[in-house]
Amino acid sequence: MARRTQRTTASLSFPVWAWLVFFVFTPLALVVWYSFGYKPDLFTAVSTDQLSFDRYGEVLDGVFMPMFWATLRIALTGTLLCLLVAVPFAYWMAVKVDPRWRPLLLALVLVPFWTNFLVRTIGWQVILAPSGMASDVLNAIGILDGPLDILYTRGAVQLGVVYNYLPLMILPLYVVFERLDPSQREASRDLGAGRWRTFFSVTVPDALPGIASGCLLVFIPLMGDYLTASVLGGARGTMVGQIVARQFTSAQNWALGAAMAVTLMAFVLLTVLIVAALFLLVRAVVRRARHLDLGVSP
Amino acid sequence: MSRRRAPDPVRVLAPRAEAGRISRRALLGGFAVIGTASLLGCGSRSIASTASTDGALEGRLNVYSWGDYENPDNIRAFREDNDVTVQVDSFASNEEMIAKIGASRGTSGYDVLVPSGQFVPMMVANDLLSKLDHSLIPNLANLEPAFTAQPWDPGNVHTVPKSWGTTGFAYDQTLIDGRPTSWQDFLDLAAGQASGSVSLLDDAWEVASIYFGAKGIDPNTTDPADLDAAEAYLTEQLAPHVRNFNSAPTQSVIQNEMALLQMYNGDARLAFSESDDADRWRFVYPTPTANLWVDTWALARGAQHVDSAHAFIDFMLDPEVAIGEVDWNGYPTGVAGQRALAEEWELDMLDLIFPPEKVVARLTPAELTDAQDRLTSILEQVQAKAG
């Protein structure tokens, strides 16, 4: 009977396996395979009859690396800004608000997803234009004198990505905050901790899984985003996803594009590992520093 | 668990004797192999063949064109007159379209394509286009003679000219003094009054042609020394002043985002006519030369709705239909007598639709040369250094 259950479970996971094989592993393997190829002539995007690491050399020599650092800066800043905005908001929504209103607020957070990603981003282009709404408002209240000069800068891209990815940060945070047991906060207060101490020593450590998944959900797609930068970035706010896309579309050099994509994936993974390692290190140091000896000797 | 279950939940369409032997693992493995094979199959050389004409229009037509290029009124009229459902998809560059058509080897499902002239010989050489049947396109007689003898397709074997235009620049007269006339003026303004407010086309040939035009070099040059000089100048002297790269910067004009924009003549007309303050804008056909591009109607290899495709191309060559296209996208077609008809229809800004004859005489059609890869890498360098 145990074996039978196992078999049933295995068959239930079949769609997942089929999906992974078809739509993740096979295309990914093809991308890696193409990255060792080359572009034989103007009309052929890739050929793999001679394999080499040359494309990776071209990736590291070309404009990829400076673009990668610029993108990393936008992505890390964007993730941090999303976190700063989302933590208080998600906490308020999950803890402070009357539970009757929570579904409505949650729905409001999701409303932007009803509109296409591209259309929302173009909306910002209209708002941020020198003759746009933001310019008029800032001039009217006297913060600004003359047309707003932000469209097609890195600042516009930064604003665009925070706007586009914020819900992806709010949702996991809301879920963890909502599941926290209120009695823990009460206990913390009873033991003499203030509001801030309670928040940072009790609530935040319990919410860490949500914070981590929120940061990953925002950071990883953000590193590959090229749409926001294409619409709002202009010449100064370009991101690395745009040069990968260019190789596949206008330059028609799939070998180089594939090598760029693989390099980008490797670097993103590396960044996530480094940040995770740093985080664990800091946490270990803090725990050691805060170590509390309750004085119960064995 | 009262219900009886078959021991193996995999259902297959196979001989009964075989079915018993197909395990889940084998099935999964089979899927993986089929998946890989079908993906790798994209690279194989065999091409699906085009359906043959039978005189009866098919009920459907799939057109693959540039974004927002055909007049929807014309598409609707063709659909209603012939009872043919027309599906129009769009691409943003010739390369993108060719990649899709090339990769699908005749199974893309598209019937009519709109490549630019200089890409036609390569598409023909790689078997991506089918020959047109002239007996099904009587309106070919409406073409101006110049458009039946284009170097990339003499005699209209594979293509029919659709729309043509040229490249120039628009500038905001409230921000820029003087009356620029040449590409050298464009470079001077970009480095001067318009610095930081310059938009370039996102196209390797066009960006390089600014430098070649200013220096009096043939824009189709493949001389490595010229290309090196272009790269050095464009990355160091022009790139720092550029704010954006956009192949259709009409919105940037309407929203007054830029002072100086490289753009196509028809797009400039479209932008000016939608601007609240059209008087502040002026368009220049720069000296000494610029691109003369011609987009064409072509029949895709592997097309399945061949009669409808020919009927559609023939329909578009009707002078009254063609002028509707001009009205919509602001570019002249290859059909004769369009200027007179445009005046009759009272279209505005005719000088932006029809470049003056002395301008047309000095234009240089872009060619696809061995320098293409180099031009792409120059554009990449310019974009990395821009802003």
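The values are calculated or read from the model by the stated rules, or taken from the named source; none is laboratory data. Note that the structure is predicted; figures quoted are calculated from it, not measured. For accessibility, only protein heavy atoms count, side chains too; no ligands or nucleic acids. Shrake-Rupley method; radii C 1.70, N 1.55, O 1.52, S 1.80 Å.
Straight-line cross-link partners of A:LYS39 among the lysines, defined as a Cα under 17 Å from its Cα and at least 8 positions apart when in the same chain: B:LYS100. Pairs of C-alpha atoms in the range A:200-294 farther apart than 24 Å represent 43 percent of all such pairs.
Where the centre of each part is set by its Cα atoms, how far does the range A:29-54 sit from the range B:46-68, in angstrom? Using only Cα atoms to place each centre, the spacing works out to 32 Å. Projected over all directions and averaged, the alpha-carbon convex hull of the range A:121-161 occupies 2.7 nm². For the range B:138-224, a Kirkwood hydrodynamic radius built from all Cα pairs, placed in the Stokes-Einstein relation at 4 °C and 1.567 mPa s, yields a translational diffusion coefficient of 81 µm²/s. Cut-off 10 angstrom, C-alpha nodes, Gaussian network model of chain A. Which of A:SER201, A:SER13, A:SER183 fluctuates the most? Its mean-square fluctuation being the largest, the pick is A:SER13. Both radii come from the Cα set of the range A:248-289: Rg as radius of gyration, Rh as Kirkwood radius; their ratio Rg/Rh reads 1.40. With Cα atoms as the point set, the radius of gyration and Dmax of the range A:145-203 evaluate to 19.3, 56 Å. Across the range B:222-316, Cα-Cα pairs farther apart than 18 Å form 67% of the total. One Cα centroid belongs to the range A:118-179, the other to the range B:199-262; the line between them spans 30 Å. Phi angles of the range B:71-77 translate, via the Karplus equation with coefficients 6.51, -1.76, 1.60 and θ = phi - 60°, into HN-Hα couplings of 5, x, 5, 5, 4, 5, 4 Hz per residue; Gly and Pro are given as x. When chain B is treated as a Gaussian network with alpha carbon springs shorter than 10 Å, the biggest mean-square fluctuation among B:GLU231, B:GLU320, B:GLU343 belongs to B:GLU343. Give me D for the protein assembly as shown in µm² s⁻¹, whole number, from Stokes-Einstein with Rh from the Kirkwood sum over alpha-carbon pairs, 37 °C and 0.692 mPa s. So the translational diffusion coefficient is about 112 µm²/s. Just so you know, the Rg over Rh for chain A is 1.05, from Cα atoms, with Rh as the Kirkwood radius.
Which value in deg cm²/dmol, rounded to the nearest 500, describes the helix-derived mean residue ellipticity at 222 nm for chain B, given -39,500 (n - 2.57) per DSSP H run of n ≥ 4 and division by the residue count? Mind dumping the intermediate values first?
On the way: 16 runs with 148 residues, N = 387.
Theoretical 222 nm ellipticity from helices: -11000 deg cm²/dmol.
A straight Cα-to-Cα reach below 19 Å connects B:LYS358 with none of the lysines, residues fewer than 8 places away in its own chain not being considered. Within straight-line reach of B:LYS215, meaning a Cα separation under 20 Å, sit the following aspartates and glutamates at least 8 residues removed in sequence or on another chain: B:ASP185, B:ASP188, B:ASP203, B:GLU206, B:ASP223, B:ASP226, B:ASP228, B:GLU231, B:GLU236, B:GLU367. Within the assembled protein chains, the solvent-accessible surface assigned to B:LYS215 is about 90 Å², based on a 1.4 Å probe. For chain B, a Kirkwood radius taken over Cα pairs fed into Stokes-Einstein (25 °C, viscosity 0.890 mPa s) yields D = 105 µm²/s.
Across the range A:113-248, Cα-Cα pairs more than 19 Å apart make up 63 percent of the total.
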